[in-house]
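First comes the structure, then the notes that go with it.
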Amino acid sequence: MGGYNSGGWNATGRPTTGEVPRIDVNRLNKAGALREGFTGAWRWNFDEGLSKVHIRTLVDRVMLSGDDAYDPYAEMVLIIWEAGRFGGQRPFFICPDCGGRKLHLYRLGHFACRECHDLSFQSQRERESDRAQSRANKIRRRLGGETGWHRVPRKPKGMHFRTYVRLIGKILEADAVTDRYAAKRFNL
């Protein structure tokens, strides 16, 4: 029973959004890469490593190309600009597969949105106890402490005591979820 590649908890075989290169229209806009006539390269990080995409911006579209040795590509992606809530313009990609308005496109053979590539989020593969520890560690970092099981950081200077007590209560609740899972898992 078990063994290499035998599956496991929530092993759907679907890649997650962190395992696939992603391009973000807002980051491109902030960097000035959506100005008409822009030509340049964009590096992206993802769980599997580094990659680079070449960008050439035309009037209402972006040419995304790569010269990877194993997978060269060149694709056009439409961009629409919509009025922002408080003025200005906000860019969106148009997914080449479904035609939906998207902020991120993922490259898995070609550029498309998360739904078209059937990608899941990493958090969807976590157990309840893992999600609880992620929440607790996030609060520990917010309080200036270190991540780790059952570590309670000191109250930061300037934080109201009532807020600190509320956050410590959330840490203790999350640790209790992890304790219950460990007790059930190891028959304690």
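Can you tell me how much longer the chain between His54 and Asp97 gets when fully stretched, taken as 0.36 nm per residue apart minus their C-alpha distance, in nm with one decimal? Present the calculation step by step, with values, prior to reporting the outcome.
Working: separation 43, 0.36 × 43 = 15.48 nm, distance 2.09 nm.
Result for the pair: 13.4 nm of gain on full extension.
Can you order the peptides 127-137, 56-66 by their average number of other Cβ atoms within 10 Å per residue, highest first?
Numbers: 127-137: 17.3, 56-66: 15.4.
Put in order of decreasing packing, that is 127-137, 56-66.
Which ³J(HN,Hα) values, rounded to whole Hz and listed in residue order, are derived for segment 82-99 from phi using the Karplus coefficients 6.51, -1.76 and 1.60 in 6.51 cos²θ - 1.76 cosθ + 1.60 with θ = phi - 60°, glycine and proline given as x?
Running phi through 6.51 cos²θ - 1.76 cosθ + 1.60 with θ = phi - 60° gives 10, 5, x, 5, 10, x, x, 10, 10, x, 9, 7, 9, 4, x, 8, 9, x Hz.
Of all alpha-carbon pairs in segment 80-188, indicate the percentage at a distance above 24 angstrom.
Working: 3208 of 5886 pairs.
Percentage above 24 Å: 55.
Taking the Cα centre of the chain as origin, sum charge times position over the Cβ atoms of Lys and Arg (+1) and Asp and Glu (-1), and report the length of that vector in debye to the nearest 20. If you can, show how the numbers build up before the last one.
Details: 33 positive and 21 negative charges, 290 e Å.
The calculation lands at about 1400 debye.
By accessible area of protein heavy atoms, probe 1.4 Å, what ranking do Tyr181, Tyr106, Tyr70 get, highest first? Show your work: numbers first, answer last.
Details: Tyr181 75, Tyr106 10, Tyr70 220 Å².
Reading off the accessible areas and sorting them downward yields Tyr70, Tyr181, Tyr106.
Give the accessible area for Asp67 in Å² (nearest 10); use a 1.4 Å probe, count only protein heavy atoms, and leave out ligands, DNA and RNA.
Using a 1.4 Å probe on the heavy atoms, I get roughly 110 Å².
Tell me the label-point distance for the pair Ile80, Arg142, using the 7 Å Cα-to-Cβ offset, in nm and rounded to one decimal.
Taking the simple label geometry, Ile80 and Arg142 are separated by 3.5 nm.
Roughly speaking, to the nearest percent, how much of segment 141-182's 1.4 Å accessible area is carbon and sulfur? Don't skip to the end; give the middle numbers.
Numbers: 1760 of 3190 Å².
The C+S portion of the solvent-accessible surface of segment 141-182 is 55 percent.
Hey, what do the phi angles of segment 104-120 turn into as Karplus ³J(HN,Hα) couplings, whole Hz, using 6.51/-1.76/1.60 and θ = phi - 60°, x for Gly and Pro?
10, 10, 10, 9, 9, x, 7, 7, 7, 7, 4, 5, 5, 7, 6, 8, 10
Could you work out [θ]222 nm for the chain from helices alone, using -39500 (n - 2.57) per DSSP H run of at least four and dividing by all its residues? Round to the nearest 500 deg cm²/dmol. Provide the component values of the computation, followed by the final result.
Working: 4 runs with 50 residues, N = 188.
Helix contribution divided over all residues of the chain: -8500 deg cm²/dmol.
Sequence gap at least 6, Cα distance under 8 Å: using those rules, report the relative contact order of segment 45-134 to the nearest whole percent. Numbers along the way, then the final one.
On the way: 112 pairs, mean separation 11.7, N = 90.
Relative CO of segment 45-134 lands at 13 percent.
For a quick check of understanding: with a 1.4 angstrom probe and all protein chains in place, what accessible area in square angstrom does Trp44 have, to the nearest ten?
About 10 Å², rounded to the nearest 10.
How far is it, in nm, from the label point at Arg154 to the one at Met63 when both lie 7 Å from their Cα along the line to the Cβ?
So the label points at Arg154 and Met63 sit 6.0 nm apart.
State the Cα centre-to-centre distance between segment 103-135 and segment 148-182 in whole Å.
Going from one Cα centre to the other spans 27 Å.
If I model a spin label at Ala41 and Phe161 as a point 7 Å from the Cα along the Cα→Cβ vector, what separation in nanometres do I get?
My value for the distance between the label points is 5.8 nm.
Rounded to the nearest angstrom and ordered from largest down, what semi-axes does the equivalent ellipsoid of the chain get from its C-alpha gyration tensor (root of 5λ)?
On the way: eigenvalues 314, 126, 41 Å².
Result for the chain: semi-axes of 40, 25, 14 Å.
The values are calculated or read from the model by the stated rules, or taken from the named source; none is laboratory data. Every value quoted in this text rests on a predicted model; they were computed, and no experiment measured them. We place every Cβ from the backbone using ideal geometry, glycine too, and count neighbours over all the protein chains shown. Protein only, heavy atoms only, side chains kept; ligands, DNA and RNA dropped before computing areas. Shrake-Rupley method; radii C 1.70, N 1.55, O 1.52, S 1.80 Å.
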